[in-house]
Each structure stands twice: as C-alpha cells, then as structure tokens.
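Heads up: the structure comes next, in structure tokens.
The values are calculated or read from the model by the stated rules, or taken from the named source; none is laboratory data. Note that the coordinates shown come from a computational prediction; the quantities given were computed from them, not determined experimentally. Neighbour counts are summed over all protein chains in view; Cβ atoms, including those assigned to glycine, are modelled from backbone coordinates with ideal geometry.
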Amino acid sequence: MDLEIKGRAAIVTGASTGIGLAVARELMENGVSVLIVARDQTRLEAAKRDLASFGNVQAYAADVSSAGAAEKIVESAIRHFGQLSILVNNAGRAHAGGLMASTEDDWNDMANVKLTAMRRLCKAGIPQMQKNGWGRIVNMSSIGGIYPNPKLLISHVLSAAINNLTKSLALEVAADGILVNAIGIGAVATDNWSFNMIPAVRRTRPEWNDLSDDDVLARISAEKTPIGRAGEPKDIAAIAAFLASNRNGFVTGDTIEASGGADRFM
Ligand SMILES: NC(=O)c1ccc[n+]([C@@H]2O[C@H](COP(=O)([O-])OP(=O)(O)OC[C@H]3O[C@@H](n4cnc5c(N)ncnc54)[C@H](OP(=O)(O)O)[C@@H]3O)[C@@H](O)[C@H]2O)c1
C-alpha cells in the first residue's frame, strides 16, 4: 500500500532503539525524511548510521523532558528539511510498581518524559503543520491507559492522560488538516521490557528464576496475550506509519489498541 507520504518530514522521539527506531525506518521506507531524537549521542549516531540506507535521516540528541528541548527539536527539523508534517511522540519507558512503592521523583520523572514532553512537542510542532495544511501526530501510549493495572500505576495513569490529550487535541486541530492519534501498546520486546518490566515479573514469579529474559518474556506473553506472543517493534511501526500517512484520512482522536488482544501484560 502506498502511504502517500513521500517527500514529507517527520520527528520521531526515542528513535535510537526499540519501537521508535522501527517507526523511523518504516517512515523512511515510505519516502519520509526523519529527524531521530534520543539522549545518548553514541546510540543515536549508531541508529542514524543503521537508518542511512533507507533515505534521509538526521539526528538530534536531547532529553525531551528538559525545558526548551521541544522548540530546539522542531527548529532542527526545519533547518534540515524545511518543513515538518509528522510528529511521533515515542520517547519514554515503563515504571513498574504501585502507588505505595513509588516516590515523588518517580512520578515527576515519568510525567515529564511521557506527558509534559508530548504537550511541548505538539505545541512546538503544530504551527509548522498548520503552515502545510496537513499534519499527523502519533502518541505512544499503553494498553494500560484503557485497562489500568495497579502493578504499573504511574505508567497507566499517564497513558490515560495521553489518550485524553490525544482526543482533545484532535478536536482542536481537526479543521487544520491535522489528525492526532495514540497507540495503546501491549507487551513489545524491547530494551524497555528487559530493563523495566522483566525484573518486576521475576519478583512475582520466583519459579522462573532460572529462565533467560527472553524466556520470561515468552512465558508471560503466552500467558497474558491471546495471540500467544509478545509484540515486535515492527508490529507497532506498521500502525504508526498508517496513522501518520495520507491513507489515514478519517481516524483522529483515537487510541488504537495494539496488544495482541491482551488487556494487561504483567
Ligand atoms: N515495549 C513495550 O512493551 C511498551 C508498552 C507500552 C508502552 N510503551 C511505550 O512505547 C515507547 C517506546 O518504548 P520502547 O519499548 O521502544 O522503549 P526503549 O526500547 O526503552 O526505547 C526508548 C527510547 O526512548 C529514548 N528516550 C528515553 N527517555 C528519553 C528522554 N527523556 N528524552 C529523549 N529520548 C528518550 C531512548 O534513548 P535514550 O535512553 O538514549 O534517551 C530510546 O531511544 C515508550 O514511550 C514506552 O513507554 C512500550
């Protein structure tokens, strides 16, 4: 399917690995120039080298949660590409734990990277899309924004807020030709799972102590996910690319569930 986005320009945050890297590649394979963003410069440059064979890619190292970063990221995209049509707010991670085990810093750090950065990037990017009379925003959320799991309280409260922001913003900018959607992601095998989720799963399943991380993910996915497997970054990238494309002309304000049918994954 031709997504009809050849020649457009995108920002993908959190694109040095995992889902964001797969989204950047999918967009580039459809002829989009992409500015990839993440904090670790070395990993970001490695991702840029990996992506270079698919088309025009530029990199900007930034912490999306720092004040002023959103404006600088958008400025960088305009400097490189002369325009901005697509914004994929993907940077972030999970925080495993309930309210009582979490700290004020956990809450603030997660809110800054997931929600505040998203608000700032939308605010900085939308005027560029309004100039084109065309824009697409995709916000990475979690299935827990729809079906909250107390074992991931902060992540899921913020995901619900992302879904709400997505809906309201979609209504605000619909007349400008800008469509805004979210993806309610289930368990997808990435570094995020290895670092933030597997240790929490292990705490509840001491009988799996001898299993490798990959086997723990396979077991918990088979148990919790109706289709019987964890997602792969490319599963999410395909949906993000469609939502970010001209072939999507009628879906806006929605949170697409992409979880293999699971309503929780821990
Ligand atoms: N994987 C899942 O099962 C799952 C489930 C639900 C929702 N999600 C959401 O999907 C998104 C992508 O997840 P993933 O699994 O692909 O994660 P990942 O593999 O851990 O990759 C996260 C990416 O975000 C970047 N990043 C993190 N904090 C950042 C910050 N403050 N500023 C700029 N970049 C930052 C990381 O690079 P640096 O560390 O170098 O900055 C990396 O490129 C996240 O928002 C996550 O919450 C994932």
Completion exercise
Flagged pairs (Cβ under 7 angstrom, 6 or more apart or on separate chains; first in segment 75-99, in a helix (DSSP H, G or I); second among the polar types (S, T, N, Q) and more than 10 Å from the ligand (Cβ to nearest atom)) are Ile78/Gln128; His80/Gln58; Phe81/Ser33
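Residue by residue, here is whether (1) out of contact with any strand residue (DSSP E or B) (no Cβ under 9 Å at 6 or more places or on another chain); (2) aliphatic (A, V, I, L, M); (3) under 30 Å from Gln83 (Cβ atoms); (4) more than 11 Å from the ligand (Cβ to nearest atom) holds:
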| site | (1), (2), (3), (4) |
| --- | --- |
| Met129 | no, yes, yes, yes |
| Leu152 | no, yes, no, no |
| Lys167 | no, no, yes, yes |
| Leu179 | no, yes, yes, yes |
| Ala182 | no, yes, yes, no |
| Glu207 | yes, no, no, yes |
Practice task
Tell me which residues, restricted to segment 96-119, are over 24 Å from Arg25 (Cα atoms) and either hydroxyl-bearing (Ser, Thr, Tyr) or under 15 Å from the mean Cα position of the chain (by Cα) (or both).
Solution key: Ser102, Thr103, Met110, Ala111, Asn112, Leu115, Thr116, Arg119
Problem - Single residue of Glu45, Glu29 found to be away from the ligand (no atom under 12 Å from the Cβ), surrounded by fewer than 21 Cβ atoms within 10 Å (Cβ to Cβ) and modelled with pLDDT of 95 or more - result: Glu29
Exercise for the section: Could you check how many residues of segment 50-94 are more than 20 Å from the chain's Cα centre (by Cα) and of a type in the set (Phe, Trp, Tyr)? Expected result: 2
Handout entry: Flag for Gly253 being over 21 Å from Arg25 (Cβ atoms), under 20 Å from the mean Cα position of the chain (by Cα) and within 12 Å of the ligand (Cβ to nearest atom)
Key = no
Handout entry: Meets criteria (exposed (fewer than 13 other Cβ atoms within 10 Å of the Cβ) and under 19 Å from Ser259 (Cα atoms)) for Glu223
Key = yes
Completion exercise
Scanning segment 48-64 for residues that are without any contact (Cβ under 8 Å) to a residue 24 or more places away in the chain and not small (Gly, Ala, Ser), the one nearest to the ligand (Cβ to nearest atom) turns out to be Lys48
